[in-house]
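Q: Okay, handing you the structure first.
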RNA sequence: UGGGGCGUCGCCAAGUGGUAAGGCACCGGACUUUGGAUCCGGCAUUCGCAGGUUCGAUCCCUGCCGCCCCAGCCA
C-alpha cells in the first residue's frame, strides 16, 4: 500500500473528484500511470506518478501501472524494467496491478469490429500522404475519402484481411467515421489501426496491425474501469475523441482530465530530447547524474523522499510553468540534512603543519555523525601533525568579515584543536603551498577552558590518513533557464553547459573509502555527496555532488 | 483568420462575490564547534488590460491584449 506517503495540497482535480464522489456520480477512485516503454522515466513522470498514486491513496482507491505499448517500433523490455525499478524506487506499490495495453489487442480488435458493424468505422486505402491532404488545414475543413462509403460487409472483410497480413504495410488503415469538417482535427476521421509488420517486444509477430494511441488508451482505461484518466494538456484536444469511443462502444465511462506538464529551469523534460542527449553522447547515459531522469537523480544522490516532496510542493494546475530548480535542491537539502552522516573532505587541499605537535604522533578525535540526529552517534577521526585544509579557508590579507585562517589568526579545527597561523610558505612562483601553525593542546575537542572564542571553524583531514577521493562536481546541464528558447537557427543542444561536470581529487576522512555505493554524506561546509553507484569502490572511492550547502559567505562575496 | 486551453509577488500556487493562503527565492536580525541547520521578522492596497453589473469583483458579464497546444498510419 501507499498510505505511508505524504498528502499533497488542494488542486482542481481533487475538487472534481470530491464533487463526483459527493454527488454519487462515482463511488470509487481508480487511476493509472501509463508510460510507454520507449525511454527512461524523468522527474516530469514523477509528477504524474505522485499525482495518480497519491490520489488513489488519499481516496482509498487503487492506481494501476500500465504500459502503453501499442507502437512496436520503439518499445523495449529494457525500458519496462527501468520503469518498474523507478516507480518502486519512488516509493509506490502497484501490487499485482501491472497491465499492458498489448494484452488488450484482441479486445481492441473486437471493439473495432463493433464500430465497423455500426457503420462508425471504415477501411481506407488512401496513402499516408493522401490522408494528410484530405485532412484539410487548421482553417479549412477536410475532404471525405473516396473509400468512406464502403459497405459494412466490405469493411469487415478488409479489416480481417488487414489482420491476416494480406496487405502491405501502410497500404490501408481503419478509420473512425466522424466528421471531416470538425474544427478539432482529431475528429476528422482519425486512424484507429495501421498495418505494421513489426516485431512487438511482447507480442512477437502475432499482429500485423496495431491500434493507435487514440484507439488504445481510452479503451484500456475503460477495461480497467479507471475513473480518472489523468494526462497532460496536449491531450486536451483528444478528449472529444476519447469520449466518442466510449459512447459509441457503450463501455465504462472513464473521465480524462488534463493538467500542465512539469518544466524545470536549466534542464529539458521531454523523452525525445533526453534520448537525443544520450544517443548523441552529450551525456554518459540515461542515468548520467546530470540527467533529470529518475535514474540520473538517484545516482546523483537525490533521495526518493525529496523527489516526492518536490512533486507535492509544485502543485497541480493548468498553467504552463517552469519551476525553479532551486526548489528541487531545497527539497534535497531538507531531507539530506536530517539523514546524511557528516564527514570531512577537503576538495581543494592546502597543507598545514602544526609545528608544536609531536612528529609521528597520531590521536583519535571524536566527531558527531549528525547533529540533527543523536542516534547517528559519533566516530573517531585521526589527527596528526600534518593536515589538509581547504585553500579557500586561508587568506593572507583577509577582508574584515572573513572569519577563517589568516596570518596570526586563530580558528577552530572542527572536532579538533584551535590553531594559529604563524607562517606562510611559498614556492618559486609565489603561490602559497604550506601553512605553519601552532595548536593549543588545551582546546582538544574544540573548547577553550579559558572561555576564549573563535569566530571560525574549518574542516580538515589528517594528511597521513587521508583517503584520496574522486569527486564529481555538477552544475546546470544547460546554461539557459529555458534551454528550449534557442537563438535563431540554433537548438536546445547549443544551450548545453560545457562545464556541467568537473572532476577533481579530494582528501577525505579514511572512513569514506568504506562507503557503500549510493550512500549519501554531507561533506561539512561543502554539500551533499553520494558514492557513485557505478564507479565507487573502496579501492577507488568516487563521489557525486548532489547539491551544495547554502553558503551565505559566498553570497555576500558575490554581492560586494 | 479553425478548434482547444491558460494569464494571481522574481519562480510555483491557493482562493472564485465580502475585501489576496502557503512554499521556493530574496532581504534583515537572533543563535551556532558546519558562514550548515534552527528561530524571529520583512516581502502583491493588488489578482493581463479596459469597460459594465453589484453596497462590494481576483472571483459575474462584455471587449481587448498576451502566451501555449493541434494538420504522426508517435504517445
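Q: Restricting attention to strands (runs of 3 or more DSSP E) lying wholly within the stretch A:328-376, give those where 3 or more residues are within 26 Å of residue A:465 (Cβ to Cβ) and in contact with a helix residue (DSSP H, G or I) (Cβ under 9 Å, 6 or more places away or on another chain).
A: Filter on the stretch A:328-376 gives A:341-343, A:362-368.
Q: Same structure again: Residue A:443 fails exactly one of the following numbered conditions: (1) within 23 Å of residue A:371 (Cβ to Cβ); (2) touching a strand residue (DSSP E or B) at 6+ places or on another chain (Cβ under 7 Å); (3) not in a helix (DSSP H, G or I). What is the number of that condition?
A: Every condition holds for residue A:443 apart from (3).
Q: Report yes if some residue within the stretch A:20-27 is within 16 Å of RNA strand B (Cβ to nearest atom), farther than 25 Å from residue A:219 by Cβ and surrounded by fewer than 20 Cβ atoms within 10 Å (Cβ to Cβ); otherwise report no.
A: Yes: the stretch A:20-27 contains one or more residues that are within 16 Å of RNA strand B (Cβ to nearest atom), farther than 25 Å from residue A:219 by Cβ and surrounded by fewer than 20 Cβ atoms within 10 Å (Cβ to Cβ).
Q: Still on this structure: Taking only the stretch A:492-507 into account, find how many residues are surrounded by 14 or more Cβ atoms within 10 Å (Cβ to Cβ) and assigned to a strand (DSSP E or B).
A: The qualifying residues number 4.
Q: So residue A:485 ticks every box in (1) in contact (Cβ under 8 Å) with a residue 24 or more places away in the chain; (2) exposed (fewer than 15 other Cβ atoms within 10 Å of the Cβ) but one. Which box is left unticked?
A: All conditions pass for residue A:485, except number (1).
Q: If I ask for residues that are away from RNA strand B (no atom under 11 Å from the Cβ) and farther than 17 Å from residue A:437 by Cβ, which ones from the stretch A:382-416 would you list?
A: Passing the criteria: A:382, A:397.
Q: Suppose we filter the stretch A:505-533 for residues that are within 20 Å of residue A:475 (Cα to Cα) and either within 16 Å of RNA strand B (Cβ to nearest atom) or in contact with a helix residue (DSSP H, G or I) (Cβ under 9 Å, 6 or more places away or on another chain) (or both); how many remain?
A: Selection size over the stretch A:505-533: 16.
Q: Determine whether the stretch A:203-215 contains at least one residue that is free of Cβ contacts under 8 Å to residues at least 24 places away in the same chain, more than 30 Å from residue A:500 (Cβ to Cβ), near RNA strand B (Cβ under 9 Å from one of its atoms) and not assigned by TED's automatic domain parsing to the domain that holds residue A:531.
A: Within the stretch A:203-215 (the criterion being free of Cβ contacts under 8 Å to residues at least 24 places away in the same chain, more than 30 Å from residue A:500 (Cβ to Cβ), near RNA strand B (Cβ under 9 Å from one of its atoms) and not assigned by TED's automatic domain parsing to the domain that holds residue A:531), the answer is no, since none of the residues qualifies.
Q: Would you pick out the residues in the stretch A:508-518 that are surrounded by 16 or more Cβ atoms within 10 Å (Cβ to Cβ) and free of Cβ contacts under 8 Å to residues at least 60 places away in the same chain?
A: Answer for the stretch A:508-518, where residues must be surrounded by 16 or more Cβ atoms within 10 Å (Cβ to Cβ) and free of Cβ contacts under 8 Å to residues at least 60 places away in the same chain: A:513, A:515.
The values are calculated or read from the model by the stated rules, or taken from the named source; none is laboratory data. Remember, predicted model here, so these are calculated numbers, not experimental data. No Cβ is skipped: glycine too gets one built from the backbone with ideal geometry, and neighbour counts run over all protein chains shown.
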